[in-house]
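**Q** Could you have a look at this structure, given as structure tokens, before my questions?
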Amino acid sequence: MYFTSDHHFGHKLIIDFESRPFGSTEEMNQTMITNWNAAVGKEDTVFHLGDFSFLNLEDTRRIVSALNGYKILILGNHDRGRGRAWWLEAGFDEVSEHPLIYKEFFMLSHEPMYMNKHMPYVNVHGHIHGQKYEGKHHFNICVEHWNYTPLSFEQIRDAVTASEEGGD
């Protein structure tokens, strides 16, 4: 089980906006496909927490089909204009317009959600790219923090557990 977000495939300006280390969208796209497939096996499942592609349907379908795994998309702010049917046609196996709860503890969403110490969840989210929320109730899964590579459930669980034990 893997998690990732905010690839922005084909989005030239994101390279500048987020100081991504790529000279072109082609280099960025290819590096992110390579990194995804190095981490994710064909039988694995990936939750993509939004803002997947700025490309047309044909080019987006080509990228989705090149990526390993069973792919679940939670729509991000840049995905919502196209709707569920478009993303299913692009090759995603499942598409959700709303946040999902995973393993009764992880709230998966595109935008960070309001969380406090009385809520029994950790919010795994994207949207804020290189920024990070302080505290142990948010986990930013944006590609900028994780070498443009999906993270395994175990990596997230271990990071959250270490944070809990640290008592911050």
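**Q** Computed over the Cα atoms of segment 81-168, what is the ratio Rg over Rh, Rh following Kirkwood?
**A** Over the Cα atoms of segment 81-168, Rg/Rh equals 0.99.
**Q** Also, quick follow-up: How much area per residue is accessible in segment 34-168 when the probe is 1.4 Å and only protein heavy atoms are counted (Å²)?
**A** 51 Å²
**Q** Gap in Å between the Cα centre of segment 97-118 and the Cα centre of segment 73-93?
**A** So the separation of the two Cα centres works out to 19 Å.
**Q** List, largest first, the extents of the alpha carbons of the chain along their principal axes, each in whole Å.
**A** For the chain, the Cα spread along each principal axis is 46, 32, 29 Å.
**Q** Around residue 22, which amide H atoms from residues at least 5 apart in sequence, or from another chain, sit under 5 Å from its own amide H, with H modelled in the peptide plane?
**A** none
**Q** In terms of solvent-accessible area of protein heavy atoms at a 1.4 angstrom probe, what is the ranking of 6, 158, highest value first?
**A** 158, 6
**Q** Quick query: amide H of residue 52 versus all other amide H atoms, modeled in the peptide plane; which residues come in under 5 Å with a sequence gap of 5 or more or a different chain?
**A** 8, 76
**Q** Additional query: Using Cα pairs under 8 angstrom and six or more residues apart, how large is the relative contact order of the chain, in percent?
**A** Value for the chain: 25 percent.
**Q** Evaluate Rg over Rh across segment 42-114, taking Cα atoms for both radii and Kirkwood's formula for Rh.
**A** So for segment 42-114, dividing Rg by the Kirkwood Rh gives 0.96.
**Q** Using DSSP H assignments, which helices in the chain have an axial alpha-carbon span of 15 Å or above and a mean Kyte-Doolittle hydropathy of 0.5 or higher?
**A** none
**Q** I've got another one for you. If I stretch the segment between residue 134 and residue 85 completely, what's the gain in nm (0.36 nm per residue apart, minus their alpha carbon distance), one decimal?
**A** Once the chain is fully extended between residue 134 and residue 85, it gains 14.0 nm.
**Q** Please compute the net charge surrounding residue 140, taking Lys and Arg as +1 and Asp and Glu as -1 over other residues with Cβ under 15 Å from its Cβ.
**A** With Lys, Arg at +1 and Asp, Glu at -1, the neighbours total -4.
**Q** Right, next: How much accessible area does residue 143 have with a 1.4 Å probe, in Å² rounded to the nearest 10?
**A** Near enough 0 Å² of accessible area.
**Q** Carbon and sulfur together cover what percent of the accessible area of the chain at a 1.4 Å probe radius?
**A** Carbon and sulfur: 50 percent of the exposed surface of the chain.
**Q** Considering only the other residues whose Cβ falls under 15 Å of the Cβ of residue 153, what net charge follows from Lys and Arg at +1 and Asp and Glu at -1?
**A** Around residue 153, the surrounding residues sum to -3.
**Q** Rounded to the nearest 10 Å², what accessible area does residue 61 show when all protein chains are kept and the probe is 1.4 Å?
**A** About 90 Å², ignoring ligands and nucleic acids.
**Q** Using just the helices of the chain, give the 222 nm mean residue ellipticity in deg cm²/dmol: DSSP H runs with n ≥ 4 each add -39,500 (n - 2.57), and the total is spread over all residues, rounded to 500.
**A** Value at 222 nm, helices only: -9000 deg cm²/dmol.
The values are calculated or read from the model by the stated rules, or taken from the named source; none is laboratory data. Note that the coordinates shown come from a computational prediction; the quantities given were computed from them, not determined experimentally. Positions of Cβ are backbone-derived with ideal geometry, glycine not excepted, and every protein chain shown enters the neighbour counts. Note: areas computed on protein heavy atoms with side chains; ligands, DNA, RNA excluded. Shrake-Rupley method; radii C 1.70, N 1.55, O 1.52, S 1.80 Å.
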